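Heads up, the thing below is written out as C-alpha cells.
The values are calculated or read from the model by the stated rules, or taken from the named source; none is laboratory data. Here the structure is a predicted model, which is why all the values come from computation and not from measurement. Using ideal geometry, Cβ is built from the backbone for each residue, glycine included, and neighbour counts are taken over all protein chains shown.
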Amino acid sequence: MNVWPKPWLLFAIILSALALVSCGGKAESPAPLASARPTASPQPGVTPSPKPSPSPSPTPSPLPTATPTPGSGQGGVGVGVGPAKIEHVVFVVQENRSFDNIFGGFDASGKPFPGADTWSNPDPGEPTPHDHNGNPVTMQQGLLEDCYSPAHYHPQAVGDIDGGRMDGFDREPVSRLACAPSSPPPTFPYRYVSAAEVAPYWQLGERYVVADHMFEPMSSGSFGAHLYLAAGQSANTIDEPSATPWGCDAPTGTIVDVITPTGGEEPGVFPCFSIPSFADVLDLRGISWRYYAGPRNDYGYLWSVFDAFDRIRNGPEWTSNVINPPAQFLTDVQNGSLAAMTWITPTLDVSDHPVSHQNEGPAWVASVVNAVGASKFWNTTAIFITWDDWGGWYDHVPPPTLSPVSLGIRVPLIVVSPYARAGYVSHVVHTTGSVLHFAEEALNVPSLGEEDARADDLTDAFDFTQAPRSFGNALKTRTKLGEIRRAASTSRGTPAGARDDDD
C-alpha cells in the first residue's frame, strides 16, 4: 500500500493548512459547539511528555490498490447520488464483534436471521464450528456483558483463520475481568449473543440492509482498524501502540509495529502520522465533517483515531470538529446540525466491547438512528453501522486473501437510509473502505486512492430510483433515552481485570 500522500493531495493539504492558519478555521465547517473537545490536558498523575515529531511514512504495505483518477467519480454508486439524494453520511462504529457473534442467534421462533450466512445456516462448503484439533464445537449463547474478552490481535487472527479452516479460536488467550466467576473454557469464543439482547440490530437489519460479507480491511486490533476508518490505510502499521493514549498524545518512546513484506511484525514507529485522511479530502472541498468520540478520561478515547493524525490533533480542527462526548450527536441533530460526513465512536459503556460489562450498545445505536429518522435530515442521509474488528469471537466465513494481512475476519454491517433496500441481505464483499468509497461518490470528492479505491461502493445496498421511504416508528429499546444519553456521556477508565490496551 502506498502510504506516501498522493502529490496532488499533499500539495493541496499544504495549501489547506496555510488557509486554516490564516483564516483561523475550516471553510464551511460547522460552528464549534460548546461541548467541543478542549485542548487536551494531562490526566491526574500523568506527567506530560514532549511531543515527538510525526513518524515518517513507513515502507509501503503489500496490499494492492487501484487508484482512480482524482475527482473522476469512478465507482458508480449510481443514479442520483450527490446533493440531490445523499447529502449526509453517518458512520457509526461499535467495538469487537464478529458477524456470527451478533447475527448468529435465533429469533423467538428459533429461526436464524433470514437470508444471512450464519454459523447455523452456512453456505455450502463453508466451515462449521470446530477446534484446532478438528473436534466439533457446540456454539453457546452468551451475553454482551459476559465477563471475558478474547484476544484479537494479528497473531490471533492468523491462528483463527488457520488457512481458511476457521478453527483456531480455541487457542486464543481470554482476559478474565474482575466480574468473572472462574476461568473460561478454551472454547469460550465460540459464542453468539441472544437475538433478544441485540434486538435493535436485528430490527434494523430486517427493516433495511445487513451485509454478511463485510470484512475488516486488515487482520488487526482496534488501532489499525480505526486508521482505516479515517484514512483507508494503517500507515503500514498493525495492532496497537505500546502505551496509551494512542496517537500523537502517546508517551515518548511509544511505538506501534509495522508490517513486514511477508505479513510479520517488527518494532516500528511513533503512532502520530502525516498520512492524508478523508477529513483532509473534505477540507479541500470545504465540506463539513465531525468526529464524535469519548473524552480523554474514558476508555473509549482509545478509539478517537484523529489523535493519530498530526495535522488534526495539533491543529484547530481538534477543538472544532472532534467532539465529545458522543451523546452530543443526539443534541446536535435535534438542534438541526448535521455535518456532511460524521464518524461516531462510542464511550466504553455503549461500545459492545466485552470489557465494558454492559449491554447498552444496541440502545445507543438505536438512539442515533432514531435521532436522524426524526430529523429534517432523514431523506438525505445514509447511515452505516459496523464493528471495528471481530474481537476474537468465532466466525465461520473464511476472509478473501488479498495480502498476508488482509482481509481480516468478518464483522457486521447494517445500512440504514430512505434509499436502502428493504429487508435485503448483501452477499457482496465489503470493507470499511466501501463506506469511504460511497461517501466519496455521494459527496463528490476525490478518492484517497487506498482501500477506498480497491473496495466496492455498496451500490447493491441501495435503490436510488425509489422514492425515499419514511422512517416510520422509532426503534424500541428497553433503555430510556435519558439513560442512553448518560451512558454515552459517562467516562470510565480501564475496567478491573482488563488491560488498558485490551481494545
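Does VAL415 fit the bill of being in a helix (DSSP H, G or I), among the β-branched types (Val, Ile, Thr) and surrounded by 17 or more Cβ atoms within 10 Å (Cβ to Cβ)? Quick ask: steps written out before the conclusion?
Working: in a helix (DSSP H, G or I): no; among the β-branched types (Val, Ile, Thr): yes; surrounded by 17 or more Cβ atoms within 10 Å (Cβ to Cβ): yes.
In short, no.
With respect to the conditions (1) more than 22 Å from the chain's Cα centre (by Cα); (2) within 20 Å of GLY423 (Cα to Cα), GLY104 falls short on a single one, namely (1).
Take the conditions at pLDDT below 95, basic (Lys, Arg) and either more than 26 Å from TRP364 (Cβ to Cβ) or touching a Ser or Thr at 6+ places or on another chain (Cβ under 7 Å) (or both) and apply them to ARG171. Does it pass? Explain how you work it out, then say what you get.
Details: at pLDDT below 95: no; basic (Lys, Arg): yes; either more than 26 Å from TRP364 (Cβ to Cβ) or touching a Ser or Thr at 6+ places or on another chain (Cβ under 7 Å) (or both): yes.
Criteria not met by ARG171.
Here is a yes/no grid of residues against (1) without any contact (Cβ under 8 Å) to a residue 24 or more places away in the chain; (2) within 30 Å of GLY315 (Cα to Cα); (3) under 18 Å from the mean Cα position of the chain (by Cα); (4) surrounded by fewer than 20 Cβ atoms within 10 Å (Cβ to Cβ):
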residue	(1), (2), (3), (4)
ASP170	no, no, no, no
ALA178	no, no, no, yes
GLU206	no, no, no, yes
GLY232	no, yes, yes, no
ASP249	no, yes, no, no
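Determine whether PRO217 is more than 18 Å from ALA151 (Cβ to Cβ), of a type outside the set (Phe, Trp, Tyr) and out of contact with any strand residue (DSSP E or B) (no Cβ under 8 Å at 6 or more places or on another chain). So PRO217 fails the test.
Looking at the structure I just gave you, is MET214 part of a strand (DSSP E or B) and touching a residue at least 12 places away in the same chain (Cβ under 8 Å)? Give the derivation first.
Details: part of a strand (DSSP E or B): yes; touching a residue at least 12 places away in the same chain (Cβ under 8 Å): yes.
In short, yes.
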